[in-house]
Amino acid sequence: MDDPRIQRLATAFRNGERPALARAVSMVEGRRPGAEALLDALLQVRPRARRLGITGPPGAGKSTLAAGLAALLRARGEEVAIVAVDPTSPFSGGALLGDRIRMNDLATDRGVFIRSMATRGSLGGLAAATREVVDLLDAFGFPNVLVETVGVGQTELEIASAVDSVAVVLVPESGDGIQAMKAGLMEIADIFVVNKSDRPGADRLVRDLGLAMHLKAGQGTGGGASVPWDAPVLKTSAERGEGIDGLLEAFLDHHRRLLESAELERRRDRRARERIRDIVESKLRRRAADFLAADPRLPGWSADVAAGRATAYGVAAILVPDILKDAAASKGTRRAGGG
């Protein structure tokens with residue numbers, strides 16, 4: 001990390017300066033120059049935070065639940081960071097007035113850090129840099145990090161790659177579709193929440209979820225974990241402030257189980273493996289794209305493939321070694337030049 005600006009930012013971050021945290025998050029979210037070096041400098045610390053995820057369909061009341069959970073954690077004297085991912089900001093123009101009032105109240109509390117991130121076309125329910133931002137908040141020292149996802153159907157499963165415990169939030173109107181619920185969503189849920197439980201159909205949905213979990217019990221545990229855990233089905237009414245304390249206790253209980261069973265370490269190891277793979281694949285894709293864009297042989301090869309004189313597999317068999325050789329040569333040139 002030779003850039004003195006990055007060095008100063010890293011020092012301020014380690015000293016617990018909030019403006020440095022905000023700048024680091026912005027740099028990582030915007031993929032600005034120096035972001036990778038900054039992450040490499042700041043993330044060489046052991047994870048400590050409880051990472052709690054909230055996902056579910058749009059309009060299920062996830063933002064209100066997140067605000068309620070944060071308020072309860074603050075009442076316990078614990079600091080909390082909230083990362084909310086949405087196509088628009090749920091804490092500015094995109095939320096209901098009640099949510100904005102709650103978040104504005106929290107935003108004046110020095111023990112709370114709120115970051116709203118746009119998906120910007122990412123299809124995984126999370127913004128592309130969400131996992132790095134969560135890592136930064138953990139490294140900064142927040143003992144609790146709440147992550148609320150956009151809730152975009154089958155792709156919301158990505159939340160499991162960023163947090164330790166996942167609550168899936170549904171509303172009574174989801175009742176008719178519970179039989180069609182994706183198996184993957186059932187697998188990642190450590191807690192089910194039926195929000196807006198004052199509406200008709202809430203009890204039916206609770207029963208349907210309980211039955212679904214009972215039928216699944218012989219196939220594994222909640223969250224796909226090896227830790228003994230039956231995903232509870234909780235009723236809340238976030239707007240009324242009802243049941244949120246029970247949700248927090250369920251999160252805390254699940255985290256205790258993860259610690260006691262060593263499942264937390266297994267989940268962290270799995271996350272680390274996924275991140276290594278994702279970053280390697282991303283770098284290889286970029287390297288391949290740059291190489292192909294400059295390779296004068298590609299037009300002729302594509303014409304041959306289109307005409308049936310060659311196959312894409314045969315062309316790839318030539319290109320892949322060339323791309324790897326080019327990457328190695330480029331790395332060697334940087335080292336020789338002292339870069």
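The values are calculated or read from the model by the stated rules, or taken from the named source; none is laboratory data. Every value quoted in this text rests on a predicted model; they were computed, and no experiment measured them. Every residue, glycine among them, receives a Cβ derived from its backbone with ideal geometry; neighbour counts consider all protein chains shown.
Specify the residue that is farthest from GLY201 (Cα to Cα); the eligible residues are those in region 236-263 that are of a type in the set (Gly, Ala, Ser) and not in a helix (DSSP H, G or I).
Residues of region 236-263 of a type in the set (Gly, Ala, Ser): 237-238, 241, 243, 246, 250, 261-262.
From the residues that got through so far, the ones that are not in a helix (DSSP H, G or I) too are 237, 241, 243, 262.
Values: SER237: 14, GLY241: 20, GLY243: 17, ALA262: 38 Å.
The residue in question is ALA262.
Exactly one condition in (1) farther than 30 Å from ALA71 by Cβ; (2) surrounded by 16 or more Cβ atoms within 10 Å (Cβ to Cβ); (3) at pLDDT 95 or above is false for GLY300; which is it?
Against the list (1) farther than 30 Å from ALA71 by Cβ; (2) surrounded by 16 or more Cβ atoms within 10 Å (Cβ to Cβ); (3) at pLDDT 95 or above, GLY300 comes up short only on (2).
Do the conditions hold for LEU284, that is, is it in a helix (DSSP H, G or I), outside the structural domain of ALA75 (by TED's automatic domain parsing) and modelled with pLDDT under 95? It would help to see each step written out before you state the result.
Numbers: in a helix (DSSP H, G or I): yes; outside the structural domain of ALA75 (by TED's automatic domain parsing): yes; modelled with pLDDT under 95: yes.
Yes.
Tell me, which residue of region 72-125 that is touching a Pro at 6+ places or on another chain (Cβ under 7 Å) and over 15 Å from LEU137 (Cα atoms) is modelled with the highest pLDDT? Explain how you work it out, then say what you get.
Residues of region 72-125 touching a Pro at 6+ places or on another chain (Cβ under 7 Å): 78-79, 84, 99, 116, 118-119.
Checking which are over 15 Å from LEU137 (Cα atoms) leaves us with 99, 118-119.
Numbers: ASP99: 47, ALA118: 71, THR119: 60.
Taking the candidates together, the pick is ALA118.
Search region 153-191 for residues being in a helix (DSSP H, G or I), at pLDDT 80 or above and among the aliphatic types (A, V, I, L, M), and hand back the single one that is surrounded by the fewest Cβ atoms within 10 Å (Cβ to Cβ).
Taking region 153-191 first, the residues in a helix (DSSP H, G or I) are 153-161, 172-180, 183-188.
Next, from what is left, pick out any that are at pLDDT 80 or above: 159-161, 172-173, 188.
If we keep only those that are among the aliphatic types (A, V, I, L, M) too, we end up with 159-160, 188.
Details: ILE159: 27, ALA160: 25, ILE188: 23.
Among them, the one singled out is ILE188.
From (1) modelled with pLDDT of 95 or more; (2) in contact with a Gly (Cβ under 9 Å, 6 or more places away or on another chain), pick out the condition that doesn't hold for THR333.
Result: THR333 fails condition (1) only.
May I ask you to say which residue of ASP2, ASP40 is in a helix (DSSP H, G or I) and surrounded by fewer than 20 Cβ atoms within 10 Å (Cβ to Cβ)? Give the derivation first.
Numbers: ASP2 fails: in a helix (DSSP H, G or I).
After applying the criteria, what remains is ASP40.
Is it the case that region 246-259 has a residue that's surrounded by 13 or more Cβ atoms within 10 Å (Cβ to Cβ), among the small types (Gly, Ala, Ser), closer than 19 Å to SER165 by Cβ and free of Cβ contacts under 8 Å to residues at least 24 places away in the same chain?
yes
Can you tell me how many residues in region 28-37 are in a loop (DSSP other than H, G, I, E, B) and surrounded by 19 or more Cβ atoms within 10 Å (Cβ to Cβ)? Please lay out each step first, then the result.
Of all residues in region 28-37, those in a loop (DSSP other than H, G, I, E, B) come to 30-34.
Of the ones still in play, those that are also surrounded by 19 or more Cβ atoms within 10 Å (Cβ to Cβ) are none.
Qualifying residue count for the region: 0.
Run down LEU21, LEU69, LEU52 and say which single residue is of a type outside the set (D, E, K, R), closer than 17 Å to VAL145 by Cβ, at pLDDT 95 or above and outside any helix (DSSP H, G or I). Let's see the steps before the verdict.
Numbers: LEU21 fails: outside any helix (DSSP H, G or I); LEU69 fails: outside any helix (DSSP H, G or I).
Step by step, each of LEU21, LEU69, LEU52 is checked, and only LEU52 is of a type outside the set (D, E, K, R), closer than 17 Å to VAL145 by Cβ, at pLDDT 95 or above and outside any helix (DSSP H, G or I).
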